[in-house]
1. State yes or no: is V32 touching a residue at least 40 places away in the same chain (Cβ under 8 Å), more than 21 Å from D144 (Cβ to Cβ) and surrounded by 13 or more Cβ atoms within 10 Å (Cβ to Cβ)?
2. Being within 13 Å of the chain's Cα centre (by Cα), in contact (Cβ under 8 Å) with a residue 40 or more places away in the chain and crowded, with 17+ Cβ neighbours inside 10 Å narrows it down to one of A38, A12, A19, A43, so name that one.
3. Give the residues of the stretch 97-137 that are basic (K, R) and within 30 Å of K69 (Cα to Cα), sorted by residue number.
4. In the set D116, D52, which member is in contact with a strand residue (DSSP E or B) (Cβ under 7 Å, 6 or more places away or on another chain) and surrounded by fewer than 16 Cβ atoms within 10 Å (Cβ to Cβ)?
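What follows draws every value from the coordinates through simple rules; no lab data is involved. Computed from a prediction, not measured in an experiment: that's the story for all the values here. With ideal geometry, Cβ positions are generated from the backbone for all residues, glycine too; neighbour counts draw on all protein chains shown.
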Amino acid sequence: MKIIKTEQALSAYHVLSSAKYTKMEDEDKIKVWKITRALKPIAEKFEDDSKDASEKFIPSESFHSDLQKAQEFERILNAKEDLSKAPFTVEEYNKFIQVFQKYNSLVAAAIKEYGDKEVELDFDPLTEDAFGKLMTSNEWTLKDSVDLGDIIM
């Protein structure tokens, strides 16, 4: 039995769901598959909750079109093109960014307690040797490898 935070389960699920098992022993492949299955409902529920909060807290009917305009403004700015061709003025863009930041903060505050919630996982952990073979089967970052190792070993 392992107790981790929901955010950790989500992160581990995303890494494992696309993992390759090519260099692992068959028994260990089954363990990794079962671990992934244990993480899946936790990750999916958190993603559903996050999506629901994101949809419910949209600040205006024009939010999505304003977001596209802001992205186009940023593209034009980064490409050093003529800003007179941008869909927003600098003032409109800055005003939208304030709305966007407030929206992101609201969504983050709403889902924080769910991400911090501890969940129990029941699975057979991998041995260090099996985890090493899993790592060599994949091209993960050091952070992904360390975080995942803390959970599944």
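1. No; evaluated as a whole, the condition is false for this residue.
2. A12
3. Those that are basic (K, R) and within 30 Å of K69 (Cα to Cα): K102, K112.
4. So the residue among D116, D52 that is in contact with a strand residue (DSSP E or B) (Cβ under 7 Å, 6 or more places away or on another chain) and surrounded by fewer than 16 Cβ atoms within 10 Å (Cβ to Cβ) is D116.
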